[in-house]
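*Asks:* Below: one structure in structure tokens.
The values are calculated or read from the model by the stated rules, or taken from the named source; none is laboratory data. As the structure is a computational prediction, the values presented were derived from the model and not from experiment. When we count neighbours, we look across all protein chains shown, and the Cβ atoms used for this are built from the backbone with ideal geometry, even at glycine.
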Amino acid sequence: MTTGKPDVAIVKRMTASMSHRGPDADGFYADDYVALGHRRLSIIDLSESANQPLPDASGRYILVFNGEIYNYQEIKHELNDYPFKTSGDSEVILAAFSKWGIRCVKKFKGMFVFAIWDKIDQALTIVRDRFGVKPLYYFNENGLFLFASEIRAILSSKLVPFRMDENGLYEFLSFQSVGSPHTLCKGIRQLESGHYIRVSHGKTEVCSYWNEFEKHQVDFQAERGKVLSTVRDLMYKSVERRMVADVPVGAFLSGGIDSSAVVGIMSEVSSSRPNTFNIYFDEEEYDESKFAEIVAKKFRTNHVGIHLKPSDFLDQLQPALSSMDTPSGDGVNTYVVSREIRKAGMTVALSGIGGDELFAGYPVFFQYLKLQRFRNAWPYSSTIRSAAAALVGKTNNRKQRLSQILGLPSVAIEQFYPVSRTILTHKQIADYTKLASRETALFQSLHADRKELSRLPLLSQVSVAEYRGYTQQTLLKDTDQMSMASSLEVREPFFDHDLIEYVLSITDTIKFPHYPKQLLVESLGSLLPKEIVHRKKKGFSFPWKFWMRKELRNYCTERITSISQRSFMKQGVLEDRWERFVNGDNNIRWAELWIFVVLEEWLRNNETR
């Protein structure tokens, strides 16, 4: 949108920069007030009539949409008076919006960002899903409003010059990703999850339509058997919804509890055998293929093992980093796996991510419970804690974080969680850069809702913090940008809001995992093989510490030397730490150096757009 007549050529330039997100079709709409563009990855209703921008039957509303509405068939039954011309979910959004307005979003179950232009009211409404599975960036200055699924599209418009945003930079150095509403580009913002934005006649309004506390009533009298039955029912419904597609649906299968649960349910709710994919390695330390094969055999899946060597990952490192629309210290793993699954012929794949966040699978859950033992004495122990912090020392990141925790004013989740998830502490950022210390967006978000958070069970408090922190800003963002770089759509059954709202209301007594993700495992009965449930958790990781000291040494050295010369850096500090790291100093974590390598690569790719 712009105060003058919009230029479709600019929109075409923007969509061209995102062709990987939609290689099957493109389309454009323009009038005197707005120009819209769309790239399509065809999954539901493959006909040309479903291409976008899509008008409603009256011609009043124009839609562009990224994502999937899984329950669109159910909603369609409530819209019998609408003359549908397509069989997909896009037109259901239009019909629902024309009937119920913005309230329609309450009915949608899915991952989505959609924008609807109202030609009569001359109003643009953009909505982002509840957990931020699908991204939305926008620029709104001097009568110009631009929006897109990727930052690179806005920069490709040539209407927004690249300028570093120090708030975004601080976020990235703190958490290895940039949290909403910031970005690394001054003037470009992220629309927060569970929000919508309305632009009309020069006025912009951003509103929340959902948060994690909508159904936070905790049932302290709930019976365990009933809870298990409900969790099972919600899990099955979630997986079944996410299998709706007019193309083959595959699944990531690591052999862990979460992906195995998804595949097991797929085998029971579908009439066809699931297509499963597993990456395997020669190195036993990183290989989990034997567990994936146990699951594949039990559920009779069409299983494909994809053998990759370290050289394969290193060969794909540069393309992976170039594919990052927003920089991330993680994500290369997802790029490599998504690329291989897409090459195997899949357009859609289900993933098990999100199980750890919901069923207390991360160490941070137990760390928080232990810390709560001291919450009553915490305000009266500042002298003891200060002495302990001094004794801990500050020789490495772990000790700095512990020292920072000991100095917190309380052990409430909004204080503890942001510190627990930092890649660089405030002190380390001050050591490396000239940036002034500041509150992070994550802290501000949790602090604003501290009263609502305090009413949740302790494990659920950590889950909400995870959703707003690492999960949304790193895990989901990486999954989306790295899979879409390969034109693969990933769907995550553990991010079903019905499931999450219910599990957040379960007491710690029932949810506490005496073995990994006990509540999930017990709710599924005998579905999962015992070898999967009781094996040691590995996680999908690469030996970055060794690669950075050997195969990637020259690559990293060149970028660390380059970023050290930038105006926001303190001269010599990062280069000294790098030299000590490559010479074997194990007090220096690879991750705190890698984020500078990634940042420099991203800056090179975007400063000249």
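*Asks:* Among residues belonging to region 563-607 that are β-branched (Val, Ile, Thr) and either without any contact (Cβ under 8 Å) to a residue 60 or more places away in the chain or in the same structural domain as Val178 (by TED's automatic domain parsing) (or both), point out the one that is farthest from Cys185 (Cα to Cα). Can you show your working first?
*Replies:* As a first pass, look at region 563-607 and keep what is β-branched (Val, Ile, Thr): 563, 573, 582, 588, 595, 597-598.
Okay, now just the ones that are also either without any contact (Cβ under 8 Å) to a residue 60 or more places away in the chain or in the same structural domain as Val178 (by TED's automatic domain parsing) (or both), so 563, 582, 597.
Working: Ile563: 17, Val582: 32, Val597: 18 Å.
The selected residue is Val582.
*Asks:* Would you mind stating whether Ile102 is among the hydrophobic types (A, V, I, L, M, F, W, C) and either surrounded by fewer than 18 Cβ atoms within 10 Å (Cβ to Cβ) or more than 20 Å from Phe495 (Cα to Cα) (or both)? Explain how you work it out, then say what you get.
*Replies:* Numbers: among the hydrophobic types (A, V, I, L, M, F, W, C): yes; either surrounded by fewer than 18 Cβ atoms within 10 Å (Cβ to Cβ) or more than 20 Å from Phe495 (Cα to Cα) (or both): yes.
So Ile102 passes the test.
*Asks:* Checking Pro248 against (1) under 24 Å from the mean Cα position of the chain (by Cα); (2) surrounded by fewer than 16 Cβ atoms within 10 Å (Cβ to Cβ); (3) modelled with pLDDT of 90 or more; (4) not β-branched (Val, Ile, Thr), which single condition isn't satisfied?
*Replies:* Pro248 satisfies all of (1) under 24 Å from the mean Cα position of the chain (by Cα); (2) surrounded by fewer than 16 Cβ atoms within 10 Å (Cβ to Cβ); (3) modelled with pLDDT of 90 or more; (4) not β-branched (Val, Ile, Thr) except (3).
*Asks:* Still on this structure, please answer the following. From the list Gly143, Gly132, Gly88, which one is within 20 Å of Trp210 (Cα to Cα) and among the small types (Gly, Ala, Ser)?
*Replies:* Values: Gly143 fails: within 20 Å of Trp210 (Cα to Cα); Gly88 fails: within 20 Å of Trp210 (Cα to Cα).
Step by step, each of Gly143, Gly132, Gly88 is checked, and only Gly132 is within 20 Å of Trp210 (Cα to Cα) and among the small types (Gly, Ala, Ser).
*Asks:* Of the residues Ser47, Ser58, Ser17, which is more than 27 Å from the chain's Cα centre (by Cα), modelled with pLDDT of 85 or more and of a type outside the set (A, V, I, L, M)? Give the derivation first.
*Replies:* Working: Ser47 fails: modelled with pLDDT of 85 or more; Ser17 fails: more than 27 Å from the chain's Cα centre (by Cα).
None of the other options fit; the residue is Ser58.
*Asks:* Could you check, for region 322-331, whether at least one of its residues is touching an Asp or Glu at 6+ places or on another chain (Cβ under 9 Å), closer than 30 Å to Thr301 by Cα and buried (at least 22 other Cβ atoms within 10 Å of the Cβ)?
*Replies:* yes
*Asks:* Given Val92, Val127, Val160, which one is touching a residue at least 12 places away in the same chain (Cβ under 8 Å), outside any strand (DSSP E or B), touching a helix residue (DSSP H, G or I) at 6+ places or on another chain (Cβ under 6 Å) and buried (at least 24 other Cβ atoms within 10 Å of the Cβ)? Break it down stepwise before answering.
*Replies:* Values: Val127 fails: outside any strand (DSSP E or B); Val160 fails: buried (at least 24 other Cβ atoms within 10 Å of the Cβ).
Exactly one residue qualifies, and that residue is Val92.
*Asks:* Right, another one. Criterion first (over 26 Å from the mean Cα position of the chain (by Cα) and farther than 13 Å from Asp118 by Cα) does Val8 satisfy it? Explain how you work it out, then say what you get.
*Replies:* On the way: over 26 Å from the mean Cα position of the chain (by Cα): yes; farther than 13 Å from Asp118 by Cα: yes.
Considered against the rule, which asks whether it is over 26 Å from the mean Cα position of the chain (by Cα) and farther than 13 Å from Asp118 by Cα, Val8 comes out as yes.
*Asks:* Out of (1) over 23 Å from Val127 (Cβ atoms); (2) buried (at least 19 other Cβ atoms within 10 Å of the Cβ); (3) of a type in the set (Asp, Glu), what's the single condition that is false for Glu192?
*Replies:* Among (1) over 23 Å from Val127 (Cβ atoms); (2) buried (at least 19 other Cβ atoms within 10 Å of the Cβ); (3) of a type in the set (Asp, Glu), the lone unmet condition for Glu192 is (1).
*Asks:* Give the residue that is modelled with the highest pLDDT, with candidates limited to residues of region 326-341 that are over 15 Å from the mean Cα position of the chain (by Cα) and among the hydrophobic types (A, V, I, L, M, F, W, C).
*Replies:* Ile341
*Asks:* Please note which strands (runs of 3 or more DSSP E) are completely contained in region 169-273 and include at least 1 residues that are in contact (Cβ under 8 Å) with a residue 12 or more places away in the chain, outside the structural domain of Asp129 (by TED's automatic domain parsing) and aromatic (Phe, Trp, Tyr). Outline the logic, then answer.
*Replies:* On the way: elements: 188-190, 195-200, 203-208, 249-252.
Because the criterion is at least 1 residues that are in contact (Cβ under 8 Å) with a residue 12 or more places away in the chain, outside the structural domain of Asp129 (by TED's automatic domain parsing) and aromatic (Phe, Trp, Tyr), the strands (runs of 3 or more DSSP E) in region 169-273 that meet it are 249-252.
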